[in-house]
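Participant: Structure below; questions to follow.
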Amino acid sequence: MALTTKLAILGGGPAGLTAAIYAARGQLNPIVIEGVSSGGQLMTTSEVENFPGFPDGVQGPELMENMRKQALRFGTVFVSENAHTVRLGSRPFAIVTDAQEILAETLIITTGARSRSIGIASERTLMGRGVSVCATCDGFFFRGKDVAVVGGGDAAMEEAVFLTRFAKSVTVIHRRDKFRASPIMLKRAQDNAKIKFVLDSVVEEILDGGSGKVKGVRLKNIKTGDLSELTLDGIFVAIGHEPNTSLFKGQLELTERGFIKATETATSIPGVFAAGDVQDEKYKQAITASGAGCMAALNAQWFLDEHDQPAETPADAKVVAAQSTAKESTPPTNDAGTSTSSVVPPALATSTASSP
Ligand SMILES: Cc1cc2nc3c(=O)[nH]c(=O)nc-3n(C[C@H](O)[C@H](O)[C@H](O)COP(=O)(O)OP(=O)(O)OC[C@H]3O[C@@H](n4cnc5c(N)ncnc54)[C@H](O)[C@@H]3O)c2cc1C
């Protein structure tokens, strides 16, 4: 039997979990389809220093665990499975996982994006240990250091120029001798005395000298085959982002780069909202994702206020059942492959369902 709900949220990163907190406090009893690995991109990083409320910084996984606990506290139901199909042709919208189908009166899509990677093993093992995909997030850690940026587009030039605020030197490593970057962005980088360029070269290996932290890179010139090494403290991979939108192609309007087209989180289908990196080609920060998640939840609530709402649904019934048994919320896990997990605290019954 399908689960039915007033609101389904697809994706359990900062956007999805913030939407869940707002929607749950608005008594929409949202179902979050969080995927088999919950928490989103911040699960792959260590220190987060720019999320407000943490003067000493917070570990990415800890921040996400707390957001998830907060969403659980107000009655969010989590489905720890990947959605493989969505049907958005008419309401209720259908979200299908291997184990079940969820029918939702409204849907918030928060499936995020993936930064493109160079694709070498050392990039993965040293991620957060000198390898970064976000200068805005991590530039501050590289004050007075030597860093490199991999890429030749606008994003790479922007990251390189931004990093010169902190770093002693910034080397742009690019596989060609021509750039995709716009002339103005390229010139800004070329005119910056701290930035130098290594062209026609790819990163063959990120070196740590056994320390577990980036110490340099081995480069290969793709024209001559020559190998060389560069001593570095950090390397920023800036070769683009892939939005997780394959499920929505042909159903929702997407931008040229494949992100969901959204205006104040409203997509091309009434009742379907999008928040976070999946619709954000520009900012791609945890706080902007959370902010958009909040907007989407309020928009979904207002949309439902204007449309007929079904009476008590199986999802509601499930929540009520869980309410009577759950003593306290369970900590989040990556419970891959499990089906629905629902834990609802007693607080739900007394929550004020206020929205700001
Ligand atoms: C290494 C790293 C460090 C970063 N550091 C910072 C930082 O210090 N500060 C900062 O502000 N930002 C940082 N960012 C950026 C920040 O993580 C993102 O902007 C933010 O996570 C976007 O949130 P989101 O909810 O939109 O998407 P995501 O965090 O990408 O979450 C999307 C979720 O949806 C799930 N999903 C996707 N498809 C499906 C599906 N079909 N079914 C079910 N689930 C699905 C994914 O598994 C994922 O869990 C960092 C990013 C990275 C990669």
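The values are calculated or read from the model by the stated rules, or taken from the named source; none is laboratory data. No experiment lies behind these values; they were computed from the predicted model shown. Glycine also receives a Cβ, built like all others from the backbone with ideal geometry; neighbour counts cover every protein chain displayed. Heads up: the accessible areas ignore ligands, DNA and RNA and are worked out on the full protein's heavy atoms, side chains in. Shrake-Rupley method; radii C 1.70, N 1.55, O 1.52, S 1.80 Å.
Participant: When the dipole is taken about the Cα centre of the chain, and only Lys, Arg (+1) and Asp, Glu (-1) are charged at their Cβ, what size is it in debye, to the nearest 20?
Facilitator: Magnitude of the dipole: close to 900 debye.
Participant: Mind pulling the angle between the C-alpha long axis of helix 60-73 and the longest principal axis of the chain? Nearest 10 degrees, somewhere in 0 to 90.
Facilitator: Once rounded, the angle reads 10 degrees.
Participant: Determine the equivalent ellipsoid of the range 117-237 by diagonalising the alpha-carbon gyration tensor, then write out the semi-axes as square roots of 5 times the eigenvalues, largest first, rounded to whole Å.
Facilitator: In descending order, the three semi-axes are 20, 18, 12 Å.
Participant: Output the lone cysteines of the chain: those with no second cysteine's C-beta under 4.7 Å from their C-beta.
Facilitator: Cys with no partner Cβ under 4.7 Å: C294.
Participant: May I pose another question? So what's the gap between the Cα centers of the range 48-120 and the range 177-230, to the nearest angstrom?
Facilitator: Result: 35 Å between the Cα centres.
Participant: Based only on the alpha carbon positions, what is the Kirkwood hydrodynamic radius of the range 58-131, in angstrom?
Facilitator: 15.7
Participant: Which of the pairs K187/K213; K249/K284; K69/K249 have their Cα atoms more than 26 Å apart in this structure?
Facilitator: K187/K213; K69/K249
Participant: Specify the residue with the greatest mean-square fluctuation among P270, P243, P55, computed from a Gaussian network of the chain linking alpha-carbon atoms under 10 Å apart.
Facilitator: Answer for the Gaussian network model of the chain: P55.
Participant: Leaving out ligands, DNA and RNA, what percent of the accessible area of the chain is carbon and sulfur, probe 1.4 Å?
Facilitator: Accessible surface attributable to carbon and sulfur in the chain totals 51 percent.
Participant: Based on the Cα atoms of the range 38-80, what semi-axes does the equivalent ellipsoid have, where each is the square root of 5 times one gyration tensor eigenvalue, given in whole Å with the largest first?
Facilitator: Each semi-axis is the square root of five times an eigenvalue, giving 21, 13, 6 Å.
Participant: Of all beta bridges DSSP finds with both residues in the range 117-237, what is the antiparallel percent, to the nearest 5?
Facilitator: 40
Participant: Ok, one more. Report, please, the projected area of the range 220-314 averaged over directions, based on the convex hull of its C-alpha atoms, in nm².
Facilitator: For the Cα atoms of the range 220-314, the hull's average projected area reads 10.9 nm².
Participant: Here is the link list: K168/K282; K194/K282; K168/K194; K168/K223; K145/K196. Which ones come out longer than 18 Å on Cα distance?
Facilitator: Violating the 18 Å limit, Cα to Cα: K168/K282; K194/K282; K168/K223.
Participant: For the range 154-293, report the % of Cα-Cα distances exceeding 19 Å.
Facilitator: Beyond 19 Å sits 63 percent of the P(r) for the range 154-293.
Participant: Dimensions of the chain along principal axes (Cα, Å, largest first)?
Facilitator: Result for the chain: principal-axis Cα extents of 68, 40, 37 Å.
Participant: How would you order 223-231, 203-211 from highest to lowest mean count of nearby Cβ atoms within 10 Å? Intermediate values should be presented prior to the final figure.
Facilitator: Details: 223-231: 11.4, 203-211: 16.1.
Ranked from most to least packed, the peptides come out as 203-211, 223-231.
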